[in-house]
Ligand code: TMP
């Protein structure tokens with residue numbers, strides 16, 4: 001039986017398969033009778049989608065790392081207030097493709113802003129807002145980047161500024177996500193994403209049922 005609505009996020013490096021898995025989970029929850037708000041970051045509200053375009057398109061060094069962190073926090077504040085909180089208060093399950101942890105990994109670690117600084121910025125922007133559960137999809141960097149490259153043909157709008165950053169950057173993201181999973185083992189479930197779509201979906205559903213849907 002479907003329980004109380006939850007806020008669930010999916011995190012990981014490039015090409016980990018988050019978007020596919022989150023869509024499959026949304027379909028599954030709807031079949032169980034849940035109302036689902038499927039959303040993403042950066043974006044998820046009209047204002048935040050405008051900021052997404054600024055962040056993801058253009059040259060790799062288009063923005064200073066600190067400017068990126070501030071823009072992401074501005075987008076997230078809008079998304080939290082205008083999409084996530086209202087959906088949760090209507091009793092909807094909120095599934096979000098990336099959230100707070102992506103800023104810790106990408107801007108805090110990868111772009112060198114510093115984890116504590118990114119946390120401070122986010123607290124100023126929207127207070128403390130934690131997902132109930134976070135799936136972290138882990139993948140070796142070279143596997144993720146080659147998957148992301150294959151996907152490139154399907155993208156029409158060149159949303160790949162971060163994908164084009166160097167290998168060291170992507171390796172530091174992976175380590176940062178692994179660190180978050182280790183530090184917060186109750187909120188985070190770390191999954192090996194180097195497997196086929198159905199097997200990974202099976203693990204996600206198993207974890208969810210185990211945690212929330214037993215009674
Ligand atoms: P995606 O929709 O393909 O995951 O692309 C979003 C990109 O934005 C991805 O490269 C990660 C990046 N990003 C950050 O750098 N910081 C953040 O806080 C978020 C949410 C995303």
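Nothing in this text is a laboratory measurement; each read-out follows from the coordinates by a stated rule. In this text, all values refer to a predicted model and were calculated from it rather than measured experimentally. Note that each Cβ is placed from the backbone with ideal geometry, even for glycine, and that neighbours are counted across all protein chains shown.
Run the paramagnetic zone check for residue 196: 7 angstrom along Cα to Cβ, then residues of the stretch 8-25 with backbone nitrogen under 12 Å.
none
Roughly what angle does helix 18-31 make with the longest principal axis of the chain, taking Cα atoms, 0 to 90 degrees, to the nearest 10?
20 degrees
Calculate how steeply helix 65-79 sits against the longest principal axis of the alpha-carbon atoms of the chain, using the helix alpha-carbon long axis, and give the answer as 0 to 90 degrees to the nearest 10.
Relative to the chain, helix 65-79 is tipped by roughly 30 degrees.
Helix 46-56 against the longest principal axis of the chain: what's the angle in degrees, Cα atoms only, rounded to the nearest 10?
50 degrees
For 178, 133, which order do you get if you count the other beta carbons within 10 Å of each Cβ and list the fewest first?
178, 133
If packing is taken as the mean number of other Cβ atoms within 10 Å per residue, what is the order of 25-37, 99-111, highest first?
Highest to lowest by the protection proxy: 99-111, 25-37.
Round to the nearest 0.05 the FRET efficiency obtained for residue 146 and residue 123 when R0 = 35 Å and r is the Cβ-Cβ distance.
E between residue 146 and residue 123, to the nearest 0.05, is 0.45.
Assuming R0 = 35 Å, what is the FRET efficiency of residue 116 and residue 81, from their Cβ-Cβ distance, to the nearest 0.05?
0.90
Please express the shape of the stretch 105-215 as an equivalent ellipsoid: the semi-axes are the square roots of 5 times the eigenvalues of the C-alpha gyration tensor, given largest first in whole angstrom.
After scaling each eigenvalue by five and taking roots: 24, 23, 13 Å.
Report Rg/Rh for the stretch 51-151, rounded to two decimals, where Rg is the Cα radius of gyration and Rh the Kirkwood radius.
That ratio is 0.98, to two decimals.
Sorted by average packing, counted as other Cβ atoms within 10 angstrom per residue and highest first, what order do 204-210, 46-52 take?
46-52, 204-210
Mean residue ellipticity at 222 nm from the helices of the chain, using -39,500 (n - 2.57) per DSSP H segment of n ≥ 4 over the full residue count, to the nearest 500 deg cm²/dmol?
-15000 deg cm²/dmol
Pull out a ≥ b ≥ c, the square roots of the eigenvalues of the alpha-carbon gyration tensor of the stretch 7-210, then state rounded if a/c is under 1.5, prolate if not and a/b is larger than b/c, and oblate in the remaining case.
Verdict is rounded for the stretch 7-210.
At 7 Å along Cα-to-Cβ for each site, give me the label-to-label distance between residue 210 and residue 164 in nm.
4.1 nm
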